[in-house]
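Take a look at the structure below.
The values are calculated or read from the model by the stated rules, or taken from the named source; none is laboratory data. Since the structure is predicted, the reported quantities are computational estimates derived from the model, not experimental observations. Here the Cβ positions follow ideal geometry from the backbone for every residue, glycine too, while neighbour counts run over all protein chains shown.
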Amino acid sequence: MKKQSKKKKQQQKTDVAGTKTNDRRSEQQKYLAKQYDLDQFYSDEHSIERVFGEQVGLRYQLYKGLMSELPFEAMGTYNVLLSLFSNIIWNHVPAGNVKKIRDHAHVKASGKITDERMRLGLSGVATNSSYWEGNENWDVKSGTKSEVSSPKAIVETFFAKYMHTLAESEHHQVLFKFIQFIERQIALFDALEEASFEDLVDIDGEGSLKNLLQRVSAEEKLDSLRTLLQTYKIRIVLTAHPTQFYPAPVLTILYELYVAIKKNDLVQIQKLMMQLGRTPFRNKKRPRPEDEAESILVYLKKVFYRVIPTIEEALEYRLRKELGPEFELPVMIEMGFWPGGDRDGNPYVTAQTTHRIARMLKTTLLGCYIEDIKRMRGRLTFKNVYELLLSIEKRLIATYRVANTLDDREEYAANGIIDEEKTQQQEHQAKKSQFPPEQKSIDSATREASSQRKFDEIGNSTSSEQSEQSEQSEQSEQSEQFEPLPYKNATEFLTAIQYVQQEIIKEHNSLFVEQTATLIRKIKTFGFHFATLDIRQNSSIHRLCVKELLWLYIDKTNVYETLTPKRRLSYLLRAIDKFNRDKQRILKDHANLNPNTSSNLNSNASFNVNPNPNTNFNPNTNTSSNFNPNTNFNTNTNVNPSKLNRTTAPMYSEMLSNLSASLRSIELIQAKNGENGLHRYIISNTEQASNVLEMFFLFSVLGMNVETLKIDIVPLFETVDVLRRVRSIMKTLYEVPMYRSHLKRRGNKQIVMLGYSDGTKDGGYLAANWSIFRAKELISEISRYYGIKVIFFDGRGGPPARGGGQSNLFYRALSDKMETHEIQLTVQGQTISSNFTTFTRGKYNLEQIFTAGIENRLFLKNEATITPADRKLLVAMGDIAWKKYDDFKNHPKFISYLEEITPLRFFRYSNVGSRPTRRSDKEGLNLTNLRAIPFVASWNQLKQNIPAYYGFGTALQYMIEDRGMLGRLQNLYKRSIFFRALVGNTMQSLLKTDFSLTAYIKNDEKFSEIWTAAFEEAKFTQKYLLAITGHRELLQDLPFNRLSILFREHIARPLVVIQQYALMRLRDEAPTLTPEIKDQLQKIAIRSLAGSINASRNSA
C-alpha cells in the first residue's frame, strides 16, 4: 500500500508538472501571438507557424536582446533608438504586405530613454516629445501624420524628436550605426532559421529521395526507374554573380553560431555575438575572381563533396536491395564552376585567372582525397591494406605538389604561348615547402613507409602486371629520400583504390569495405577536376575578333558586319575553307606585310600574341558598300614568300590577344585536370547561327585543330525575340556539314543554354518564362528530327525575376515535348549560401532538384501536360504581358527612374563581386549593357520588384475581366505544375513588395507616372492571383516561406527608409550639399545595399 501510495503521489507530481508545462506553453503562445499576429495558427499544436514562432521568432527576440547588452560603445542605446525609429516608420508609413511586428523591448510607451542608457554614449538624446507640440501637420496624441511621409521627413522627425541637439554629420553617424545593427540582426535571424531548418521543413517529404523511392515502390515503377537512371543526370553549376554579400569571416561566424544555437550553448552564442559585433560586414575592396572562387570552393568542399556521394549511395543501396548486388549506379550528379571562366563583361577574368582557378579546384579536391585516405588509415589498419593506403597517400601528396606548382608552360599558356621545349620532367619538380593543407605530418609519416615502394606503382598497371613490377621494385628499392610518382590522372588513383577494395574483400572479409566504396564514388564523380569549368564570352566580342582576323588575313573590305545573317553564314564558311586551304600562303603574306611579325612560320603555327593594339585595324571601318559573297576575297597577295619556321607574332588587338589566350587554355587545362576540367564554351547573347560558326573560324585562324579539339559549343539564347526564333537558328546550324561533323565527334550531343535573367529583363517575367518553355519544346523537336540529343542548361539566378524560386516545381513541370534526360542549371552566389550552407540543407535542396526530373518522367505526365487550349491562353497572356512590360521599360523616364530613385548607380561600389554592373562604360546607361543582377536588385531595394510581375497583372485582368476566364485560370492552376510555379514565384515577389515605403514618389512631378503604373500593376497582380488560387493571402500554402519573408522584410524596413533618405537628398539637394555631407550620404546609400539584400536572401 505504501509503495502504491508513493507511486500515486509521484504520478500526481508528474501530472502537476505537466499542467505547469502546458500552462507555460499557453503563456508563450499568447506572447508569440501578440508579437507576431499568429492567433489563428495555434489550433494546430504542430503547425509550421507555431514552430516558427517558437524556434525562430521568440529566440530572435531573446538573442536580439542579448545583442543589445554586448559591451560595445552605446550598443544598448542604439538598440533602443532603432526601435524608436522603427516605431516612427510604422506610424507614418502604412504597412504593405509586411505585418506590424513591433519590438517593445526597452521602449516605454512615451518613447523616453532612461538616464542610464543616455550615459552609454549619446548625450544628445532627447528625453521628451516636446517637438510634437504645436506642429499642425501631426496628430500629437497618436503620433501619426495625416498623409504618407517621405523618408527625409521621417528621418528628420526622428532626430528632431529624440536627438535634436546633434549636428547633421552626427545624425549620419547614428544612421550608420543603425545599418550596422540591422546587418547583425539579419545575420542572427539567418543563423536561427538555419538552426531550425529541420523543424520547419519536412526533410523526407515531397521532393526528397526517400519519398521518391517510396512512391516508386508503391506504384511499381522500379523497372522504369532503372531504365531512366541509365541516362538521367543533373549538373549544378556554381557561379559567383553576385558574390555572397556576407564577407567570408562573417559566414564562418554564422556557421559557428548555427552550431551553437543547435546545441543551445548560450556561452558560445554570446561569444559569437561579440565577435559578430566587431567583425566588418563589408569588403574593403572589390574581390578578385580568385577570391570569389575561394569562397565558393568552401561549399564544394564542405557540402557538395559530402552530399553528392551520400545521395547516390542511398539510391544505389535501395536499388541493389531490389535489383541485386550487381546493380551499379552511374554518376548522377555533376558539378560545374563559373568563377574564373565567365568572361562576359568581366575584364578581370583572364586566361591566367582560369589556370589559377583550375589549379585551385584540383588542389582543393586532392586535399579532400588526402584527408579521406588519412581517415581510412585510422580504420583500415589491416595487414597490407594499411601499407597500401599509406603508399597511395604519398602519391596523392606528390600529385598535390605538382598541381600546386606553377611552371613556365602555364605562364606561357596564360599569354597565348606554348613552349614545346619544356620537358615533362619539369612538371614533376615541386617545391618541398608546398604541402596540402595540414599535410606536413602526413608527409613525415610517408617516410616511415618507404619500404613499401612496390605499392607506389598501383594504378599505373593492370593487376596482372603488378606482381612482376613489385618484384622489380623491391630489387631497385632506394632510400627513404625516394620521391613517389604523382598520379597522371584520376583513373590511376581510382585503380589503386579499387585494388585496396579487392584486398579487403578477399583477405579481410569485407570489413569496413564501405569506406572504399564511398571514395570510389567520389573519384568517379569528381575525378581530378572537382567541378567542370565553363568559359563564357559575349558574341559581340567574338564578332569584333572575327572582323579583325578577316581584315588581317582574309579580306580588307571590312564588310562582315553589314551582311544579313544568311549571307554572313555563307561568308564565314567560305572564309574558313579559304584559310584552311591557303593557310601557309596567307600567313607568309601577312609576315611580309607586317614588320613586327617574325618571318618564320609553319602551317601549325602557334601565335605569340602581342597585347599591344593593332593601330592599323579599325573595326568600325567599312570600305565596301557593295559586297558580293561569291567574289574573291581581297587579300593583297602580291608579296614574296619567305622561309618558314615555328612561330609568328602578329600585332593583335588586346581584345583578340585575350580571346586567343582563353581558347588556348582549353587544351592545357584538359591536360592537367582531364577533359572534364573544361569542355564547354558558352556564347552569350547568341542571336543567329553565325555566332556559333564564328567560333570555328576563330579556332582555325588561331591555330587550333577543330577536329581534335574536345569542346562543346553552347549557344546561350536570352531575349524574347531570339527565344521565338530558336528553331530556325538550330535548324540552320544542324544543316551546316562542318557543324554536323563537330557534333558527331561530340557524340551527337548539343547543349543549349537559356537565360532567365536577361530574358526577364528583356520581356518581363511571364513572357520570358513562357518563351523559354516553348523554346525548349521547339529545340527538342528540331533536334530529334536531325538525330541530335539536346541538353538544356538553364541560367537561373536567385530571385524569381532571374529564374529562381521554386526550381523543383519547374523541373517537375517539363512537358513531354522537351528533352528531359538531363537537368543543368546555375546556382548563383547568394543562393549557394542560403540553400547549401549545411549538410542537411544542402542535401534537402539537392534532392529537390534531383528528384524533380525523375518524378516528371515517371509520375507527372498529366500535371505536366499543357493542352492546346492552355497553350493558346498562355500565348495570349504572354503577348499581353510582354507588350505591357515593353511599353513600361520604354517609358521616356524609365532609365532616369532607375538612376535617380533606385540605388543602381551605387552597386559598383558595394565590393560584392568582381564583375562590373555594366558590360561597357563607354556609353550611358541602357538596358542592353546593364547587367540583370543590379537591374533586378535595384527594384528589390525599392521593394517594388517590377521585373517579377509587371505585365502579368494586366494579362490576368484582361482574361478575367474582359474575357471571363477566371474559371479556366483556376482550373489551369489546379492542373498545371508549370502555371502553379509561375503563380507561386510571382506571389513570393509580391510578398516582398511594399509600395508604402516609396509612396511619397506618387506626388513627385517627374516620376509620379512611373510609380503609379508600377503600383497599379502590383495591385492588379496580387488581386487576380489570390482569385485564381482561392487564397486569402500570398503564399498561404507555404507558411514557412511566408513567415520567413515577413520577418525579414520587417527587420529590413528601416534600411529602405534610410537608403531612400540618402538618395532623396542626393537627388533634390545636390547643389547645396557640402562635400562632407554628400560623401556621407553616398556612403549611407552604399552601406544599406548589402543588408537589404541579405534580408531578402534571394533578391540579387
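Data overview
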| read-out | value |
| --- | --- |
| First in segment 374-387 and farther than 15 Å from residue 517 by Cα, second anywhere and of a type in the set (A, V, I, L, M, F, W, C) and in a helix (DSSP H, G or I), Cβ under 8 Å, 6 or more apart | 374/442; 382/504; 387/455 |
| First in segment 722-738 and in contact (Cβ under 8 Å) with a residue 60 or more places away in the chain, second anywhere and of a type in the set (Gly, Ala, Ser) and part of a loop (DSSP other than H, G, I, E, B), Cβ under 7 Å, 6 or more apart | 732/689 |
| Residue in segment 867-878 that is within 20 Å of residue 1061 (Cα to Cα), touching a helix residue (DSSP H, G or I) at 6+ places or on another chain (Cβ under 8 Å) and surrounded by fewer than 18 Cβ atoms within 10 Å (Cβ to Cβ) present | no |
| Looking only at segment 739-771, and only at residues there that are charged (D, E, K, R) and either in contact (Cβ under 8 Å) with a residue 60 or more places away in the chain or assigned to a helix (DSSP H, G or I) (or both), the one that is nearest to residue 945 (Cα to Cα) | 761 |
| Filtered residues of segment 787-834 (kept if hydroxyl-bearing (Ser, Thr, Tyr), part of a helix (DSSP H, G or I) and within 21 Å of residue 948 (Cα to Cα)) | 807, 811, 831, 834 |
| Residue within segment 391-403 that is of a type outside the set (A, V, I, L, M, F, W, C) and surrounded by fewer than 19 Cβ atoms within 10 Å (Cβ to Cβ) present | no |
| Matching entry among 298, 331 (being under 15 Å from the mean Cα position of the chain (by Cα), surrounded by fewer than 20 Cβ atoms within 10 Å (Cβ to Cβ), assigned by TED's automatic domain parsing to the domain that holds residue 237 and farther than 30 Å from residue 929 by Cβ) | 298 |
| The listed residue being surrounded by fewer than 20 Cβ atoms within 10 Å (Cβ to Cβ), of a type in the set (Lys, Arg) and within 18 Å of residue 150 (Cα to Cα), out of 1067, 1053, 1032 | 1067 |
| Enumerated helices (runs of 4 or more DSSP H) restricted to segment 1005-1100, each holding at least 3 residues that are free of Cβ contacts under 8 Å to residues at least 24 places away in the same chain and over 24 Å from the mean Cα position of the chain (by Cα) | 1008-1029, 1075-1096 |
| Filtered residues of segment 143-162 (kept if farther than 19 Å from residue 1059 by Cβ, of a type outside the set (Phe, Trp, Tyr) and modelled with pLDDT of 90 or more) | 160, 161 |
| Selection from segment 985-1018 of residues that are out of contact with any helix residue (DSSP H, G or I) (no Cβ under 7 Å at 6 or more places or on another chain) and either more than 19 Å from residue 903 (Cβ to Cβ) or not assigned by TED's automatic domain parsing to the domain that holds residue 895 (or both) | 1003, 1005, 1009, 1016 |
| Any pair with Cβ under 8 angstrom, 6 or more apart, that starts in segment 828-840 at a residue that is farther than 17 Å from residue 1045 by Cα and ends at one that is modelled with pLDDT of 90 or more and among the acidic types (Asp, Glu) | 837/194; 838/194; 840/198 |
| Residue that is aliphatic (A, V, I, L, M) and over 24 Å from the mean Cα position of the chain (by Cα), where the choices are 209, 238, 213 | 213 |
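Residue-by-condition table, conditions (1) surrounded by fewer than 17 Cβ atoms within 10 Å (Cβ to Cβ); (2) at pLDDT 95 or above:
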site	(1), (2)
928	yes, no
936	no, no
959	no, yes
969	no, yes
993	no, no
996	no, no
